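Below is one structure; the comments refer to it alone.
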Amino acid sequence: MVSIKRTAAACTAICLAAASFPASAAGSGDEYLPLNRNRTDCVYSDQQNTAYASCNDVYYDAWSGSKGSYLAYDLSAFQPEKINVAWYSGAWNNYDYTVLNESAGASLSAYKIYVNAAEGGAYPETGWEEKVSVQDYTAHSGQNLLDFTGYHWVKLEVCGVQNGGTTVSLNVDIHDCSAGAPDSWIFYGDSITAGGMVTFSAGDGNFADFVHRLDPRHYPAQENGGIGGIFSTTGKANIDRWLKQFPGTYVSIAYGTNDCWGNQTGAERYYENTVYMIEAVQKAGKTAVLPKIPYSTEPGITPYIGDYNAQIDRIYREYPDVIQGPDFYAWFQEHPEGLSADGVHPNADGYNEMRRLWAETAVEAIYSKAADPAACSGDVNADGKNDAADAELLAAYLTGKGTLPAGWKNADLNGDGRLHAGDLTLLKRLILMKETEDPVMTQPVLLD
């Protein structure tokens, strides 16, 4: 197995009744990687000797800092309008140490993010504007979406460490979100999620690595929200709090193995807990993704999995907007060699396959889904028609004056999985075309 971040592949062009997705000149897809990836000459820190490790293409090493230390990135070469600052601590513990009253790790308990409009090339000592201030943080990773219009620099400052220590190690990815909704995932779940959806590039890579190889237009931010030993009841109790600190778009809900181990929760209660989490995700304006509970050879689990997975099928029917995640039951039943000796947790190869299946699901269901006018109707407010109200709703979101529309998928008129000005242009043309019924307007128009 080879752990890589970059893959040479042709960028797919997508055309939908008026839209053409631009292929990259080099065809490598590198322009869709985090803006600071491998730009080690554009990172500055009071701990400069390890600053390069915060943004290289290896997550196993990291920048080492302490309370009061900072990492600053020169983004003047890109000038994005909106960015997502994603950070990952080197403390590979459970997602949130407070859930099981665990000992805290060497992760951020408090931090601030600043921006600066100074020209690039030399670290500016003055002119920093505070944009984010976080206190009492309990997770091992985090993301913050910032308006970056007019700025060239972003800086993260360490203000506290969870375990009360003096040092913290971090990797930082800065993603360009100028095109619309953040291309970002979080995977909530139990120990199987915690072991499989790692950020560091185990096996053939992490989830984002697999996605990028399949579709070079995407390298999503990803957080591992797994916590070993918990149930769907635990997820339900914490989901509202967790969602408040996640600015991304896609939320995986992957509980169930512990619930059905000895039938401790009961299939009906598992259904109720999962529905609560699904609805919480949707109320937050995000997209819920629900995989099947993995097959297991453990005698305490095997008799009950079918009843619990039947509840997932029920949710698929009742909540058609939920994206169907990988069928881990079918895959591990067909490939029991992917399980470890306990018959519950995957082994290294099994976890590698889980990440691959997750990436294939993301690409098939979201990123490379064939754009089809019926699916992308332009009915942003879901009132059954296309009119100025749809354009106003989309424009409000794109300018930061509104929330993510419930019917945002209908607004993704070029089928690239994001919302941006190009979609608004196509929506206006679609509305005009319907109002005028001008046959000329039905001809494909390629946008620059």
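Does ASN101 satisfy the criteria of being over 22 Å from ASP190 (Cβ atoms) and more than 24 Å from the chain's Cα centre (by Cα)? No; evaluated as a whole, the condition is false for this residue.
One residue stands out in the stretch 338-349 among those that are without any contact (Cβ under 8 Å) to a residue 60 or more places away in the chain and of a type in the set (Gly, Ala, Ser): the one that is farthest from GLY228 (Cα to Cα), namely GLY338. Within the stretch 379-422, the set of residues being at pLDDT below 80 and assigned to a helix (DSSP H, G or I) comprises TRP408, LYS409, ALA421, GLY422. Within the stretch 67-85, if we keep just the residues that are within 19 Å of VAL161 (Cβ to Cβ) and of a type outside the set (Phe, Trp, Tyr), the residue that is surrounded by the fewest Cβ atoms within 10 Å (Cβ to Cβ) turns out to be GLY68. On the given criteria, is GLY180 at pLDDT below 90 and under 16 Å from the mean Cα position of the chain (by Cα)? So GLY180 passes the test. Quick one: which of ILE293, ILE301, ILE305 is under 18 Å from ILE192 (Cβ atoms) and within 22 Å of the chain's Cα centre (by Cα)? Every option except ILE293 fails the conditions.
Here THR50 passes the criteria (1) in a helix (DSSP H, G or I); (2) modelled with pLDDT under 75 except the one numbered (2). Could you please give the count of residues in the stretch 73-91 that are out of contact with any Ser or Thr (no Cβ under 7 Å at 6 or more places or on another chain) and assigned to a strand (DSSP E or B)? Going through the stretch 73-91 one residue at a time, the tally reaches 5.
Among the residues of the stretch 100-131, those that are without any contact (Cβ under 8 Å) to a residue 24 or more places away in the chain and assigned to a strand (DSSP E or B) comprise GLU129, GLU130, LYS131. Against the numbered list (1) over 25 Å from PRO247 (Cβ atoms); (2) surrounded by fewer than 16 Cβ atoms within 10 Å (Cβ to Cβ), ASP57 comes up short only at (1).
Taking the criterion of being in a strand (DSSP E or B) and of a type in the set (Gly, Ala, Ser), the residues of the stretch 181-204 that qualify are SER184, GLY189. Every listed requirement among (1) closer than 27 Å to GLY235 by Cα; (2) crowded, with 17+ Cβ neighbours inside 10 Å is met by GLN135 save one, (2).
The values are calculated or read from the model by the stated rules, or taken from the named source; none is laboratory data. Note that the coordinates shown come from a computational prediction; the quantities given were computed from them, not determined experimentally. Glycine gets a Cβ as well: all are built from the backbone with ideal geometry, and neighbour counts include every protein chain shown.
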